[in-house]
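Worksheet for the structure shown next.
What follows is calculated from the coordinates using simple rules that are stated; it is not laboratory data. This structure is a prediction, so every number in the text was calculated from the model and none was measured. Cβ coordinates were reconstructed from backbone atoms using ideal geometry, including for glycine residues, and neighbour counts include every protein chain displayed.
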Amino acid sequence: MTAKVVSTDKHFSIMIPATKEFFFKDDTPWEKVAEGLERQIHGYDGKIMMVVAKFDTGAIGQMHNHYHSQITYVESGEFEMTIGEEVKTIKGGDSFYIPPYVMHGCVCTKPGALIDVFSPAREDILADAGHIKEYRNTVA
């Protein structure tokens, strides 16, 4: 855990230490994000990050954007996923890509989980969970 990587966008840079190499779901805490929505942060460094998001039926992943590239695998469940102006029903086994700065969000129609991979790491999520101390939100 000694490696440090700089995560940057055009507005700022922040040092993010690399995590341990192994994560076990029973040992990794869940964080409540919203009603019916929890997330579990897995490995990260400044270049990449993985998060599992668990949804109950009706839970909403609010529309938002960020400068990070995102690829998500639908582990289970069913979701109405909006990316930009396009809305699709996605279910277990499907995946999607979200380019930087594109608005996106979802509504869970059957309980399930999404596995999100971000590049670079999401500083806002790490700060909310107390993994890093400083973060300035510069994306509207």
Worksheet item: For the range 116-135, how many residues are surrounded by fewer than 20 Cβ atoms within 10 Å (Cβ to Cβ) and either aromatic (F, W, Y) or over 16 Å from the mean Cα position of the chain (by Cα) (or both)?
Response: 3
Discussion item. Considering only residues that are among the polar types (S, T, N, Q), closer than 19 Å to P120 by Cβ and touching a Ser or Thr at 6+ places or on another chain (Cβ under 7 Å), which ones fall in the range 47-101?
Written reply: S69, T72
